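The values are calculated or read from the model by the stated rules, or taken from the named source; none is laboratory data. Source: prediction; values computed, not measured. Using ideal geometry, Cβ is built from the backbone for each residue, glycine included, and neighbour counts are taken over all protein chains shown. Remember, those area values only see protein heavy atoms, side chains included, never the ligands or the DNA or RNA. Shrake-Rupley method; radii C 1.70, N 1.55, O 1.52, S 1.80 Å.
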Amino acid sequence: MNAVMQGIQWLGRNALDFALPARCAGCGTINDEPNQFCATCWQQVEWLGHGCDCCGMPLEATDIEHCGRCLAEQPIIARTRAAMAYGDIPRSLVLRLKYSRKVALAATMARYMRPLVEVSPDAALVPVPLHWTRIWWRGFNQAGLIAARLAGLTGMIHEPALLERVKRTRSLKNMSPRQRADEVRAAFKVTNKGRVKGRRFVLVDDVLTSGSTSDACAKVLLRAGAERVDLICFARVVRPALLGR
């Protein structure tokens, strides 16, 4: 009976693959594998390679480990990594996930973020939270969807409700760094401090712009006793001109 059921399942999967073939997450052309880019889109993406050991920003020189900014002032977040620079293709994925409810794109994002995660049995993935009003309107937290996929790929603990966004912040678009920091101050809280002390956490988000939001999340975790906070995101702005998103 088990062999029969397995055969039926195999036929069903293959029939579905034939009827609904995998498509490139970037341009939609038929692709060999699901949840990945075709060769053309892959070449158009600006993948982030060598960067600062702390903040992850790209470095032109290959013989240095830290950027000048991190040497001058230790970042709040110990390790930040992003799969790619924020450009046309990652922007398309992010917008389709958030506003067109293409939730399957979270799997694509997690696929490319997975190699950047330092897997540790005592670390937990924590999505950057949305305010409840935005979740009610959108139906989900995109960072939570990505974190859940990463948990499945890495086997790491997922803490989807450890952080809560208690203040509905205004759009950070066109704000200066100081204004952004002021806007997200006191916007987050830890929901269970007993699950924080002495643990390491990896914040998960879709896009990193100025870092004000992720820094605010890291601060409340560290104040609650976290040993260390890292950040992993799908894309990040590496050119100031794009900070107005």
Practice item. Looking only at segment 181-224, count how many residues are touching a Lys or Arg at 6+ places or on another chain (Cβ under 9 Å), among the charged types (D, E, K, R) and crowded, with 19+ Cβ neighbours inside 10 Å. Key: 2
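Let me confirm something: among 166, 238, 202, 229, which residue is touching a residue at least 40 places away in the same chain (Cβ under 8 Å), β-branched (Val, Ile, Thr) and more than 20 Å from residue 146 (Cα to Cα)? Give the derivation first.
On the way: 166 fails: touching a residue at least 40 places away in the same chain (Cβ under 8 Å); 202 fails: more than 20 Å from residue 146 (Cα to Cα); 229 fails: more than 20 Å from residue 146 (Cα to Cα).
Checking each option against the conditions leaves just 238.
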Study note, to complete from the structure: Of those in segment 136-170 that are in contact with a His (Cβ under 7 Å, 6 or more places away or on another chain) and assigned to a helix (DSSP H, G or I), the residue farthest from residue 103 (Cα to Cα) is 151
Review point. Any residue in segment 170-180 that is within 15 Å of residue 226 (Cα to Cα), in contact (Cβ under 8 Å) with a residue 24 or more places away in the chain and not β-branched (Val, Ile, Thr)?
Key: no
Revision key, fill the gap. Checked 135, 146, 89, 77 against criteria (open to solvent by 10 Å² or more (accessible area, probe 1.4 Å) and in contact with a helix residue (DSSP H, G or I) (Cβ under 7 Å, 6 or more places away or on another chain)); the one match is 89
**Study point:** Subset tally (residues that are in contact with a helix residue (DSSP H, G or I) (Cβ under 6 Å, 6 or more places away or on another chain) and assigned to a loop (DSSP other than H, G, I, E, B)) for segment 171-186
**Key:** 1
Check your understanding: Which ones in segment 180-206 are hydrophobic (A, V, I, L, M, F, W, C) and farther than 15 Å from residue 164 by Cβ?
Key -> 181, 202, 204
Practice item. Give me the pairs, please: first residue somewhere in segment 99-122 and assigned to a loop (DSSP other than H, G, I, E, B), second residue anywhere and of a type in the set (Phe, Trp, Tyr), beta-carbon distance under 9 Å, and either six or more positions apart or on two chains. Key: 101/140; 103/140
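Give the residues of segment 56-98 that are of a type outside the set (D, E, K, R), part of a loop (DSSP other than H, G, I, E, B) and farther than 20 Å from residue 109 by Cα, sorted by residue number. Working first, answer last.
First, pick out the residues of segment 56-98 that are of a type outside the set (D, E, K, R): 56-59, 61-62, 64, 66-68, 70-72, 74-78, 80, 82-87, 89-90, 92-95, 97.
Next, from what is left, pick out any that are part of a loop (DSSP other than H, G, I, E, B): 56-57, 59, 61-62, 64, 66-67, 74-78, 86-87.
Correct list: 59, 61, 62, 64, 66, 67, 74, 75, 76, 77, 78.
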